[in-house]
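Below you'll find the structure, written out as structure tokens, and then a few comments.
The values are calculated or read from the model by the stated rules, or taken from the named source; none is laboratory data. Here the structure is a predicted model, which is why all the values come from computation and not from measurement. Please note: Cβ atoms are built from the backbone with ideal geometry, for glycine as well, and neighbour counts cover all protein chains shown.
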Amino acid sequence: MNKKKMLNVVYLIFLGVLLYQLIPRTLNNLHSEGKYLPSVNTYNLGSNVETLFPPANGNAITIFWATWCGPCKLEMNRLRSSVEEGKIPQDRIFAINPFETRDVIQKFLSQEKFPFQFIEAPELIKELKVDVTPTTLFIESGKITKRSSGLSLIGIWKAEWLFR
């Protein structure tokens with residue numbers, strides 16, 4: 001087989017693997033949009049008090065993240081900057097870590113300062129089938145209006161637009 005044919009085969013295999021990964025994630029994201037989330041009391045890891053999630057009225061952003069996830073930290077830093085610039089209210093951002101223990105999360109929070117509400121919501125993780133970080137939900141009056149997974153180049157603009 002010549003070099004050009006070999007590169008085409010490698011490209012097709014790569015494309016197949018990529019589609020195998022992206023199609024289920026995209027379908028899961030689309031399936032979540034339009035769902036209403038039940039209000040539940042959750043434990044806020046930052047303040048050690050119970051918090052109502054999602055907020056009873058108004059808009060909210062939820063980011064599913066992990067301490068080891070570089071794209072998550074990038075998205076969280078973008079959200080922090082928008083909060084500091086007054087574009088997003090800090091009490092409307094909820095961060096949920098579906099993969100790590102409370103101790104690991106609290107150790108991370110003692111070293112990194114983010115103006116979000118870090119909550120535990122295991123029932124939500126199961127219901128929404130979150131298996132990729134970062135996954136971001138845009139919530140309007142308890143309804144998921146948009147869900148995206150992975151690093152988003154325009155996600156921060158969508159987030160800021162949600163609060164205009």
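For the range 136-158, the set of residues classified as of a type in the set (A, V, I, L, M, F, W, C), touching a Leu at 6+ places or on another chain (Cβ under 8 Å) and part of a loop (DSSP other than H, G, I, E, B) consists of LEU151 only. Can you name the residue in the range 148-164 that is surrounded by 17 or more Cβ atoms within 10 Å (Cβ to Cβ) and among the hydrophobic types (A, V, I, L, M, F, W, C) and is also farthest from GLU33 (Cα to Cα) among such residues? Within the range 148-164, the match that is farthest from GLU33 (Cα to Cα) is ILE156.
Mind listing just one residue for me: the one in the range 86-100 that is part of a loop (DSSP other than H, G, I, E, B) and closer than 17 Å to GLY46 by Cα and, of those, farthest from the chain's Cα centre (by Cα)?
Within the range 86-100, the subset part of a loop (DSSP other than H, G, I, E, B) is 86-89, 97-100.
Restricting the remaining residues to those that are closer than 17 Å to GLY46 by Cα gives 89, 97-98, 100.
Numbers: PRO89: 17, ASN97: 9, PRO98: 10, GLU100: 15 Å.
By that ranking, first place goes to PRO89.
Of the strands (runs of 3 or more DSSP E) entirely within the range 1-85, those holding at least 1 residues that are at pLDDT 75 or above and farther than 24 Å from GLY155 by Cα occupy 40-44, 49-53. Output the residue which, of all residues in the range 101-129 that are assigned to a loop (DSSP other than H, G, I, E, B) and of a type outside the set (A, V, I, L, M), is farthest from VAL49 (Cα to Cα). So the residue we want is LYS129.
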